[in-house]
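Presented below is the structure to which this report refers.
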Amino acid sequence: MNYNHKDIRMTWVDLDDTLIDFTANAHAALVLMYQAEPILQQLFPSAEDWAQRYERHNMALWAKYNIGQISRDFLRMERFRLPLTDAGLPDSEARRLSSRYDTYYLDLLATRKRLIPDAIPLLETLRRLGSSIGILSNGFREVQYRKMDATGLTPYIDIVVLSDDIGINKPDTRLFDYAKTRTAFSQSTSHLMIGDNPDTDIAGALKAGWSAIWYNRNNTQATQPQDATQIST
């Protein structure tokens, strides 16, 4: 690795798809929605078709949200409205359903318990090495704490900082600077970020002067961010 772990006092870990298997949990929640909602069964030929259409729009919207091009409220409306209108539902009805589906989906998501393999051993190792542990996430406050409780992560976490706290997302360095002020460690070199997204987790941490480990879960061929250590499964 390109840093001495003895210099690290605070390790920040991204939550979704770094500790929690968000991809699998979200897909499961979408399938449960489809099974419970006759209107979805009328509009989409299968749960997989519904989930894929939602996921395509959601991914594109999150890419814009992460760089501040759209608001959280816009994202939360559009990620359901767009697949519904794609399937032929009138816009007014799609908006009505989207408002309800947003809460329904987050409630289902909060109960899913699948973790990334070795998530708990990672946190146990960090604790054994003497590091404090924080969560640094762009996820929504309404669901992130509930997800940590459901998956058993909460006892391992010393501090949680969400983009919702200040209305600024990773990779903006202001979020990383804010997170640093929430700790007793004023030196940027005392902070390490572990995350699965090279464009948000890793790029933002490095620009803030932190060390970074890119968890390249899917062994993607994306260029490794300069000065970041990479681990893969």
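Read-outs throughout are calculated quantities, based only on the coordinates presented, and are distinct from any laboratory measurement. If you're wondering where the values come from, they're calculated on a predicted model, not measured in any experiment. As a convention, Cβ positions derive from the backbone with ideal geometry for all residues, glycine included, and neighbour counts pool all protein chains shown.
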Lysine-lysine proximity count for the chain, Cα under 27 Å, sequence distance 8 or more or distinct chains: 14
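Out of the DSSP beta bridges found with both residues in the chain, what percent are antiparallel (nearest 5)? Please list the in-between numbers first.
Working: 1 of 22 bridges.
In the chain, DSSP labels about 5 percent of beta bridges as antiparallel.
Send over the semi-axes of segment 26-165's equivalent ellipsoid, whole angstrom and largest first, taken as the square roots of 5 times the C-alpha gyration tensor eigenvalues. Let's see the in-between values first.
Values: eigenvalues 208, 59, 28 Å².
Semi-axes, largest first: 32, 17, 12 Å.
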Which chymotrypsin sites (Phe, Trp or Tyr not before Pro) does segment 1-79 hold that lie in a coil by DSSP with at most 16 other beta carbons within 10 Å? 3
Have a look at segment 79-233 and give its Rg and Dmax from the Cα atoms, expressed in angstrom. 17.9, 56
Using alpha-carbon coordinates, inclination of helix 91-110 to the longest axis of the chain, degrees: 40
Relative to the longest principal axis of the chain, what angle (0 to 90°, nearest 10) does the C-alpha long axis of helix 22-36 take? 20
Angle check, please: helix 47-66 long axis (alpha carbons) against the longest principal axis of the chain (alpha carbons), in degrees 0 to 90, nearest 10. 50
Residues whose built amide H sits under 5 Å from the amide H of residue 20, excluding neighbours closer than 5 in sequence, are 116
Karplus 3J(HN,Hα) series, Hz, for segment 147-155 with 6.51 cos²θ - 1.76 cosθ + 1.60 (x for Gly, Pro): 5, 5, 5, 5, 8, x, 7, 3, x
For segment 1-99, what are Rg and Dmax over the alpha carbons, in angstrom? 17.6, 58
Let me know the Rg and Dmax you get for segment 78-152 when you use only its Cα atoms, in Å. 17.7, 56
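For the chain, what is the calculated [θ] at 222 nm in deg cm²/dmol (nearest 500), taking -39500 (n - 2.57) for each run of four or more DSSP H residues and dividing by its residue count? Numbers along the way, then the final one.
Details: 9 runs with 111 residues, N = 233.
Mean residue ellipticity, 222 nm, calculated: -15000 deg cm²/dmol.
Cβ under 12 Å from residue 182's Cβ, residue 182 left aside: what net charge do those residues give with Lys, Arg +1 and Asp, Glu -1? Don't jump to the answer; show the numbers that get you there.
Details: positive: 180; negative: 158, 165, 177.
Result for the local shell: -2.
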